[in-house]
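The values are calculated or read from the model by the stated rules, or taken from the named source; none is laboratory data. Bear in mind the structure is a predicted one, so any value in this text is a computation, not a measurement. Note that each Cβ is placed from the backbone with ideal geometry, even for glycine, and that neighbours are counted across all protein chains shown. When the accessible area is computed, the model is the full protein with side chains, heavy atoms only, and any ligands, DNA or RNA have been set aside. Shrake-Rupley method; radii C 1.70, N 1.55, O 1.52, S 1.80 Å.
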Amino acid sequence: MNGAPATRPPMTVAALRTWLGDWVAAATGLSRSEVHDDRPLEEFGLASRDTVALSGELEEMLGESLSATLVWEFPTIAALATRLIEGETTAPEPDSTFYEGARGTSETTAYDGDVAVVGLAARLPGGVRSPERLWEVLSGGVDTISDVEPGRWAAFAADPAQAAVLDRTNVHGGFLDDVQGFDAEFFGIAPREAASMDPQQRLVLEVAWEALEHAAINPDELKGSATGVYVGVSTHDYGLITTSDLGEMDVWTATGAAGSIIANRLSYLLDLRGPSMTLDSACSSSLLAVHQAVRSLRSGEIDAALVGGVNMVLAPTTTVVFDQGGALAPDGRCKAFDASADGIARGEGAGMVVLKRLSDAERDGDEVLAVIAGSAVNSDGRSNGLMAPNPAAQADLLRLAYRDAGVHPNQVDYVEAHGTGTLLGDPIEARALGAVLGAGRELEKPLLLGSAKTNFGHLEAAAGITGLIKVVLALQNNALPPSLHFETPNPHIPFEAARLEVVTGLREWPRHSGQAVAGVSGFGFGGTNAHLVVREAPARERTSHDWPQGASTGVLALSAPTRERLQAAAGELADWLMDPTGREESLAAVGRALARRAQGRHRAALVVQKHDEAVQAARAVAEGSPGPGVHTGVATDVSGAVWVFSG
């Protein structure tokens, strides 16, 4: 590099520290007295390209090949010089006893720690509005990236100077089909207030309701209960828009723009009495939310939790900043672990899961979709810059998570990685995974990796929950979906030596230990790291596909706040029953699920024996006409004793 010192003294630690200090001073234009050996190199103004150049000169001078991530592993002059001269002193991985029996370490632990996922829902790019559609996108290897819709940022383009900035900004991303629509009437929210609400608030309400329906939990039964709400959020674009004109603000502007209200409004509308919190640790926000919920369930603070994350790209501000900083991939694709990895694409969406203690879920007869066996959260600390990852911290995180779960790392089959698709970020993550989860692993049983960011872009605060939902669906389908855009392995990742392999096609879940186990990672750009340990649900005896013993008929119960909504719901039920998925499901199971939904005033009972009869009856309700087995009515408030003659 021009300006670098010409003489190269004998290589002792002290000599190399002097050489490195001189190199940094020459590269940055700082005086030598301003370059301190114990400060991260990034703080002197060195960019990633400068550290790459430094690594090249060190390789030439020392005559050895160096890792591209070395400066991130040893971010100060003192640490780097010691490592290069004295070599790496790597502590051996803990033995199996480290991961055994860790769950009893907390005095507040009231049970064995397993948390059940009993329901889920997602709204994502590619028309994803249901778990079934999400699995179609994942298993089919669908790329949902597109350009931002015309007019999305029209308010910012009114000024010619801002329009010029937008014209030269990378606008590829994973975008929702509709960010305006919201069923305010369903939630009893006045139209004017709904218009002032951040669309992230609206989306969380809808997706949380869908998650409860997926769990077959009647929201009315949660009123007044110790149910917590934990939502990861890191963007607040709508507040930026609604508060830019003081003359347009109204009485709902404050609550409509506040991030805290995203969680609080859900707790308010459902009358939930557990903790209600919005958490922001950037890209790890929703995994941090899951971690907090797991801890609250374990301590007995709550009995159930609605947990998720949401992200909407309503303003171009962050996109412009990321683009100018070189963080966005020119083609808009996250190419995780590939040699062509060159940045992220921003994405938007939401995901929610319903959590209960496993023992409670089994007692209540819930369908357990998967089990969260453990979790951990930590910080990068003083890494090579505020936004620079720390490989040692990531490795420590993994050890803590698997110790919390009581699972040995080499029993893990798959990790849904943070996997943003950056040339140096991916190797740092891979190095930590290889060191902890790859250690002691047989060559023919590598740790499998994937990233949903290759499908949807980087969903930021919703990225972690999307990864968790992906893993749950993969467990349900006994298959691992492909990670897209992986063609040439990143040359800075020793895949074979680290026992790592990227999933490139739909494949059966391997179950190397006899049980399916996965990890989910998320790293915030400010240094908050989170990891979950997920395993398949315990086997349970399948319930009968018939109506209750001795019964030849059964009841499908429908209800809604209005007659029009009841008719719409009946039409949707008829369509679903005609669908192959609906035809495969037993009417008994459908009846049980419908009976556990919220009860509106307008109701219908379909007394049927077969699918065709159910379809016919549902069509009759949808059309507002009578039919065989159809009984409709409007519920009234009833107080006092009710006599029931059961026959």
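Taking the DSSP bridge list for the chain and keeping only pairs wholly inside it, about 70 percent are antiparallel. The relative contact order of segment 363-410, computed from alpha carbon pairs under 8 Å that lie at least 6 residues apart in sequence, is 42 percent.
Largest accessible area first, the residues LYS335, LYS223 order themselves as LYS223, LYS335 under a 1.4 Å probe with ligands, DNA and RNA left out. For segment 249-362, the spread of Cα positions along the three principal axes, ordered from largest to smallest, is 47, 44, 17 Å. Which angle between 0 and 90 degrees, to the nearest 10, do you get for helix 285-299 versus the longest principal axis of the chain when only C-alpha atoms count? Between helix and principal axis, roughly 60 degrees. For segment 272-417, calculate the relative contact order in percent as a whole number, restricting contacts to Cα pairs under 8 Å that are 6 or more residues apart. Worked out over segment 272-417, it gives 18 percent. Among the listed pairs LYS356/LYS470; LYS223/LYS356; LYS223/LYS453; LYS335/LYS356, those whose Cα-Cα separation exceeds 27 Å are LYS223/LYS453; LYS335/LYS356. Could you tell me how many degrees, from 0 to 90 and to the nearest 10, lie between the Cα long axis of helix 199-214 and the main elongation axis, the longest principal axis, of the Cα atoms of the chain? Around 60 degrees separate the two axes. Each of SER340, GLY633, PRO389 was placed along the dipole of the chain (beta-carbon charges, centred on the mean Cα), and the one lying farthest toward the positive end is GLY633.
What the Cα convex hull of the chain gives, in volume per residue, is 187 Å³. LEU459: net charge of surrounding residues, Cβ under 13 Å, Lys/Arg +1, Asp/Glu -1, itself excluded? Computed value for this residue: +1. Quick one: if you stick a label point 7 Å off each Cα along the C-beta vector at GLU444 and ARG49, how many nm between them? The two pseudo-label positions are separated by 4.8 nm.
Peptide packing for 193-203, 383-393 was compared via the average number of neighbouring C-beta atoms within 10 Å per residue; ordered from the highest value, the list is 193-203, 383-393. Accessible-area rank, largest first, for MET352, MET578: MET578, MET352, with all protein chains present and a 1.4 angstrom probe. Rounded to the nearest 10 degrees, the angle from helix 13-28 to the longest Cα principal axis of the chain is 70 degrees.
In the context of the full protein assembly, HIS236 retains an accessible surface of approximately 80 Å², using a probe radius of 1.4 Å and ignoring ligands and nucleic acids.
Taken one residue at a time, the phi angles of segment 341-347 give Karplus couplings (6.51, -1.76, 1.60, θ = phi - 60°) of 4, 9, x, 10, 10, 6, x Hz. Gly and Pro are set to x. For the pair GLN324 and GLU585, label points projected 7 Å from Cα toward Cβ lie 5.0 nm apart. Of the solvent-accessible surface of the chain, computed with a 1.4 Å probe and all protein chains present, 51% belongs to carbon and sulfur. For the chain, the solvent-accessible area of protein heavy atoms averages 43 Å² per residue (probe radius 1.4 Å; ligands and nucleic acids excluded). Relative contact order of the chain: 15 percent, from C-alpha pairs under 8 Å at least 6 residues apart in sequence.
Within segment 367-430, the proportion of Cα pairs with more than 15 Å between them is 60 percent. The region of the chain that goes longest without hitting one of the chymotrypsin sites (Phe, Trp or Tyr not before Pro) in a DSSP loop, each with at most 11 other Cβ atoms within 10 Å, is 1-642.
Only Lys, Arg, Asp and Glu carry charge here, each on its Cβ (+1 for the first two, -1 for the last two); on that basis the chain has a dipole of about 1020 debye about its Cα centre.
A 1.4 Å probe over all protein chains sorts ASP50, ASP280 by accessible area into ASP280, ASP50, starting with the largest.
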